[in-house]
Amino acid sequence: MSQSSVALREGRPSLYPYLILAVSFLCLFVSSGCHYYSFGLFVKPLQEAFNWSRAQIMTASTLSVFAHAVGSLFAGKLLEYTTPKKIIVIGAILTTVFMTFTSRMTNLWQFYLFYGLSGFAVASIGFVPASRIIFDWFKTRRGMAIGIAGMGMGVGGFALPLLTGNLFIPTFGWRSTFVILGVIASA
């Protein structure tokens, strides 16, 4: 994009780059908070529902992190051919689909597959496309802008597990909470 972070409209700086920054913050907020930081809150309900060991359950998290790494590479490669907006939209939709599939799983292999695929998809709403958008819109103060957007990971890692553990799982159950987190990721 050829747009500058100081695009002028009638002598005043445009606010659009700051809207882009807010959206990047929210992408990182939901990608980390919904998917990674909230995962540990599902261990006990999954143990009770399926009698799986903690090691079996946490293996899904490990697979998801690995899939996220591969998904980040894939998202980065796609950025050479399409816009970050398209990647984020498709990633958000796929995250919702795979989190919904995770909520419907009945076997351990399904849990590994669907939660792993959601890790792959959530990479498309994570740091790679967000940093590209910031790079495109901020010609000056890029480091500050990336830092502010990156705060979304920490704030999401704080706020969404609180909601998940204190509201979503106790009120709606673990299955519906996977769907809720998937919908939040696509909002």
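Structure data summary
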quantity: Selection within region 93-116 - free of Cβ contacts under 8 Å to residues at least 12 places away in the same chain, open to solvent by less than 50 Å² (accessible area, probe 1.4 Å) and in a helix (DSSP H, G or I); calculated: 110
quantity: Every residue from region 162-187 that is farther than 19 Å from residue 106 by Cβ and hydroxyl-bearing (Ser, Thr, Tyr); calculated: 164, 171, 186
quantity: Subset of region 70-87 [surrounded by 13 or more Cβ atoms within 10 Å (Cβ to Cβ) and either of a type in the set (A, V, I, L, M, F, W, C) or outside any loop (DSSP other than H, G, I, E, B) (or both)]; calculated: 70, 71, 72, 74, 75, 76, 78, 79, 84, 86, 87
quantity: Criterion (on the phi < 0 side of the Ramachandran plot, surrounded by fewer than 18 Cβ atoms within 10 Å (Cβ to Cβ) and in a helix (DSSP H, G or I)) met by exactly one of 133, 90; calculated: 90
quantity: Evaluation of residue 103 against (1) at positive phi; (2) at pLDDT 95 or above (one fails), failing number; calculated: (1)
quantity: Unique match (being surrounded by fewer than 23 Cβ atoms within 10 Å (Cβ to Cβ), touching a residue at least 12 places away in the same chain (Cβ under 8 Å), closer than 25 Å to residue 59 by Cα and of a type outside the set (D, E, K, R)) among 126, 157, 150; calculated: 157
quantity: Residue within region 113-126 that is out of contact with any helix residue (DSSP H, G or I) (no Cβ under 6 Å at 6 or more places or on another chain) and over 22 Å from residue 15 (Cα atoms) present; calculated: yes
quantity: Enumeration of residues in region 40-65 that are touching a residue at least 60 places away in the same chain (Cβ under 8 Å) and either among the hydrophobic types (A, V, I, L, M, F, W, C) or not in a helix (DSSP H, G or I) (or both); calculated: 41, 42, 46, 49
quantity: Where residue 170 falls short, out of the listed (1) under 18 Å from the mean Cα position of the chain (by Cα); (2) open to solvent by 60 Å² or more (accessible area, probe 1.4 Å); (3) not hydrophobic (A, V, I, L, M, F, W, C); calculated: (1)
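The values are calculated or read from the model by the stated rules, or taken from the named source; none is laboratory data. Computed from a predicted model, the values in this text were never measured in an experiment. Cβ: placed from backbone, ideal geometry, glycine included. Neighbour counts: every protein chain shown. Please note that ligands, DNA and RNA were not included when accessible areas were found on the heavy atoms of the full protein model with its side chains. Shrake-Rupley method; radii C 1.70, N 1.55, O 1.52, S 1.80 Å.
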